[in-house]
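Presented below is the structure to which this report refers.
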Amino acid sequence: MRYDAKVRVRSHNDVCAESVEADSVMELLLLGSACGEDITVSADGPQAQVVVEALKKLVRNGFGENE
């Protein structure tokens, strides 16, 4: 599903505490975040709130790995 918003993810770990665009899998991997570590998801654009809520649900549900 695509949203009309620019999403960024910020890592809060010692490996790489920076912010990257969420539309790049490579950039997300370079954050070095592991299960249980804190991240911040932010978005700008007409559907910013909708996409942040969808991502929160996805993360809380373990990206569907618990099914």
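No lab work stands behind these numbers, since they all come straight from the coordinates. In this text, all values refer to a predicted model and were calculated from it rather than measured experimentally. Cβ sites come from the backbone with ideal geometry, for glycine too, and all protein chains shown count toward neighbours.
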Query raised in the report: Out of all the residues in the stretch 1-36, which are charged (D, E, K, R) and either free of Cβ contacts under 8 Å to residues at least 24 places away in the same chain or in contact with a Gly (Cβ under 9 Å, 6 or more places away or on another chain) (or both)?
Result: Arg2, Asp4, Lys6, Asp14, Glu18, Glu21, Asp23, Glu27
Report summary line: Those residues of the stretch 53-67 that are closer than 12 Å to Val9 by Cβ and touching a residue at least 40 places away in the same chain (Cβ under 8 Å) come to a total of 1
